[in-house]
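The values are calculated or read from the model by the stated rules, or taken from the named source; none is laboratory data. Note that this is a predicted model, so its numbers are computed, not measured. All Cβ positions, even for glycine, are placed from backbone atoms using ideal geometry, and neighbour counts span all protein chains on display.
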Amino acid sequence: EMGADDYVTKPFSPLTLIARIKALHRRSEMVEKTTSEPSDNRFDIVTDHFKMNTKTREAYLNEVAIEGLTPKEFDLLFTLAKKPRQVFSREQLLELVWDYQYFGDERTVDAHIKKLRQKIEKVGPQIIQTVWGVGYKFDDAGVA
């Protein structure tokens, strides 16, 4: 994302710079055309019972939408679901979801997990498991 695709050595003429910019622009348009999808129906995570779409920010359990997810709850669920059965500590989740190292109370993760679980339970069985003394993991293996 932040790498260089081209460079111009000094001294350079303004026409050379403009030509390079136009070429990069054409290249990026071609990439967009080849990689763009006709709709947002592609799911980023799909398991037997669960799927998520980050473009539309929708999550489904047994084909039923999990309603009312806040942005943080969605990000938290996505972080857990993209590595099923991997246990994440509270510190790891703070770093991955909140995008910073947190030196205060880690219970903010617990509060978000609790609210997320309440929303999930409205549509199906629990898919976020507590690993006592360690953290949390996503596991939909027990979902029927």
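Quick notes on this one:
- Residue count, the stretch 1-43 (criterion: assigned to a loop (DSSP other than H, G, I, E, B) and at pLDDT 65 or above): 13
- Within the stretch 121-139, the only residue that satisfies the criterion of being in a strand (DSSP E or B) and surrounded by fewer than 14 Cβ atoms within 10 Å (Cβ to Cβ) is Val131.
- Taken over the stretch 73-114, the criterion of being of a type in the set (D, E, K, R) and within 18 Å of Lys137 (Cβ to Cβ) is satisfied by Glu73, Asp75, Lys82, Lys83, Arg85, Arg90, Glu91, Glu95, Glu106, Asp110, Lys114.
- Members of the stretch 46-81 that are in contact with a His (Cβ under 9 Å, 6 or more places away or on another chain) and either assigned to a helix (DSSP H, G or I) or among the hydrophobic types (A, V, I, L, M, F, W, C) (or both): Leu61, Lys72, Glu73, Leu76
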